[in-house]
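Before any comments, here is the structure.
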Amino acid sequence: MPVNSRQSTESRQAEIIATVVALAADRNPAEVTTTDIAKAMNVTQGALFRHFPNKEAIRLAVIEWIETQLMSRLGDAQVSAPNALKGLEAMFLAHVIFIREFPGVPRLVFAELQQPESTPVRQRVHEIMRHYRQTLAETLGRAKAAQLIRDDVDVQAAAALFLGAIQGLVMQSMLGGVPSDTEDPVVGVLHLYLAGLGARP
């Protein structure tokens with residue numbers, strides 16, 4: 001039946017995406033081949049290409065999955081927060097939790113940004129980042145209007161710093177993590193960021 005066939009394809013595509021994300025947690029995504037993906041799934045390469053026309057289509061689907069998952073979590077974090085400032089805090093923590101749940105995600109994003117050519121996949125990553133920065137700038141604007149942060153805050157610069165702080169935490173984790181006898185730096189970094197905004201409880 002056509003409906004069952006479509007459901008089967010969507011299910012297999014989701015499995016392929018999950019496999020790529022999992023493989024990226026342990027190795028350079030640029031080095032992950034379709035042979036690696038097929039082997040991890042215990043299927044043939046031909047089975048992969050019945051659901052995606054080529055490797056670039058797989059990469060694009062992975063990036064689209066990241067966008068859907070991350071932006072959904074950020075949206076939920078904002079909706080459940082009592083005000084824009086608390087929403088900003090919740091978004092920061094939601095992003096960190098997402099990365100900890102799927103450590104392959106930042107590797108996949110960085111790998112696409114490092115591509116020397118402007119591919120459709122790389123362009124999509126840039127679009128996601130622009131969308132994210134705009135969402136942050138709007139949230140910061142609402143916090144500013146509500147006098148929850150300093151009225152001289154440059155919301156675009158603050159949005160860039162927000163992402164930079166998370167990227168710094170990600171790089172630290174990728175380069176060796178945090179020693180077991182050291183406090184998790186996430187909350188400390190968030191508090192420093194909010195202090196820089198002149199956050200008012």
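One table, with the values for the structure above:
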quantity: Residue list for segment 109-132, restricted to those being of a type in the set (A, V, I, L, M) and farther than 20 Å from F162 by Cα; calculated: A111, V121
quantity: Any hit, segment 40-51, residues being more than 30 Å from L148 (Cα to Cα), crowded, with 19+ Cβ neighbours inside 10 Å and β-branched (V, I, T); calculated: no
quantity: Out of A18, A30, sole residue that is surrounded by 12 or more Cβ atoms within 10 Å (Cβ to Cβ), in contact (Cβ under 8 Å) with a residue 24 or more places away in the chain and not hydroxyl-bearing (S, T, Y); calculated: A30
quantity: Any chance L136 is closer than 14 Å to H95 by Cβ, modelled with pLDDT of 95 or more and surrounded by fewer than 17 Cβ atoms within 10 Å (Cβ to Cβ); calculated: no
quantity: Residue match in segment 17-37 (condition: more than 20 Å from V121 (Cβ to Cβ), at pLDDT 95 or above and in a helix (DSSP H, G or I)); calculated: no
quantity: Scope segment 94-140; condition under 25 Å from D152 (Cα atoms) and not acidic (D, E); matching residues; calculated: M129, R130, H131, Y132, R133, Q134, T135, L136, A137, T139, L140
quantity: Residue count for segment 170-194, restricted to those that are among the aliphatic types (A, V, I, L, M), over 26 Å from K144 (Cα atoms) and modelled with pLDDT of 80 or more; calculated: 2
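Per-residue answers, yes or no, for (1) within 13 Å of the chain's Cα centre (by Cα); (2) under 22 Å from A30 (Cβ atoms); (3) modelled with pLDDT under 95; (4) surrounded by fewer than 17 Cβ atoms within 10 Å (Cβ to Cβ):
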position	(1), (2), (3), (4)
P82	no, no, no, yes
L88	no, no, no, no
F92	yes, no, no, no
P106	yes, yes, yes, no
P120	no, yes, yes, yes
Q123	no, yes, yes, yes
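Residues are listed down the side, and each one gets a yes or a no for (1) in contact (Cβ under 8 Å) with a residue 60 or more places away in the chain; (2) among the β-branched types (V, I, T); (3) in contact with a Leu (Cβ under 6 Å, 6 or more places away or on another chain):
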| position | (1), (2), (3) |
| --- | --- |
| H95 | yes, no, no |
| V109 | no, yes, no |
| S118 | no, no, no |
| R124 | yes, no, no |
| H131 | yes, no, no |
| G141 | no, no, no |
| A146 | yes, no, no |
| I149 | yes, yes, yes |
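The values are calculated or read from the model by the stated rules, or taken from the named source; none is laboratory data. On a predicted model such as this, the values are computed, not experimentally measured, just so you know. With ideal geometry, Cβ positions are generated from the backbone for all residues, glycine too; neighbour counts draw on all protein chains shown.
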